[in-house]
Amino acid sequence: MKIPPDFDVSVYELVAQIPRGRAVSYKQLAVLMGFPDHARRVGRALAAAPQGLPCHRVVSSAGRTVSGWTAQRELLESEGVAFRPDGSADLRRCGWEALR
DNA sequence: CGAGTGACTGCCA
DNA sequence: TTGGCAGCCACTC
């Protein structure tokens, strides 16, 4: 499956829909948008994401915050996202579309 | 044009 | 449970 030119845009729109107090993994985003094998591509898209996008709500599948961005955890916590003692986001409780 | 790198994942020891 | 390793894709050197 090829990557459409509006792939990045789809990522942005999806991220913009993440409700406050929720977190999503790159893999989750890739799956929701129909590209389960392009989590890495999603990460690259977010690296170039425009300001104003709540990209801090996106973490790795293990719940790890973005490399080199320690403040991301603070932001999520201030929104009500639960974190584990090891410093990973609790996607089981605060995962978007994966909450149940 | 080949090699290296990264906001990733999943499998195996 | 934790750490190492191999696929993957796009971009830069």
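Each Lys and Arg Cβ is given +1 and each Asp and Glu Cβ -1; about its Cα centre, chain A then shows a dipole of about 240 debye. When shorter helices are ignored and each DSSP H run of at least 4 residues is given -39500 (n - 2.57), the per-residue value for chain A at 222 nm works out to -10500 deg cm²/dmol.
Normalised radius of gyration for the range A:30-76, please: alpha carbon Rg relative to 2.2 N^0.38 Å, two decimal places.
Values: Rg = 11.0 Å, N = 47, 2.2 N^0.38 = 9.5 Å.
In units of the 2.2 N^0.38 Å rule of thumb, it is 1.16.
Residues with beta-carbon under 14 Å from that of A:P4, excluding A:P4: net charge, scoring Lys, Arg +1 and Asp, Glu -1? Before the final figure, lay out the partial values.
On the way: positive: A:K2, A:R41; negative: A:D6, A:D8, A:E13.
The answer is -1.
Take every Cα pair under 8 Å whose residues are at least 6 apart in sequence, average their separation, divide by the length of the range A:7-94, and the relative contact order is 32 percent. The amide H of A:G21, built 1.01 Å from its N in the peptide plane, has no neighbour under 5 Å, considering only residues 5 or more places off or on other chains.
Near A:V58, the amide H atoms lying under 5 Å from its own belong to A:V24; only residues 5 or more places off or on other chains count, and H is placed 1.01 Å from N.
Taking amide H as placed 1.01 Å from N in the peptide plane, A:R64 has its amide H under 5 Å from the amide H of A:A89, each at least 5 places away in sequence or on another chain. Measure nothing fancy, just the Cα-based angle from helix A:7-16's long axis to the longest principal axis of chain A, in degrees from 0 to 90, nearest 10. With rounding to tens, the tilt is 30 degrees.
Taking the Cβ of A:R73 as the centre, find all other residues whose Cβ is under 14 Å away and add up their charges (Lys, Arg: +1; Asp, Glu: -1).
Values: positive: A:R57, A:R64, A:R84; negative: A:E74, A:E77, A:E79, A:D86, A:D90.
Spelling it out: positives minus negatives among the neighbours equals -2.
Phi-derived couplings, Karplus 6.51 cos²θ - 1.76 cosθ + 1.60 at θ = phi - 60°, listed residue by residue for the range A:55-62: 5, 6, 7, 10, 10, 6, 4, 7 Hz, with x used for Gly and Pro. Counted by Cβ distance under 14 Å from A:F83, the other residues give a net charge of +2, where Lys and Arg count +1 and Asp and Glu count -1.
Each reported figure results from applying straightforward, stated rules to the coordinates on display, with no laboratory input. Keep in mind the model is a prediction, meaning the values are calculated, not measured. For neighbour counting, all protein chains shown are included, and Cβ atoms are generated from backbone atoms with ideal geometry for every residue, glycine included.
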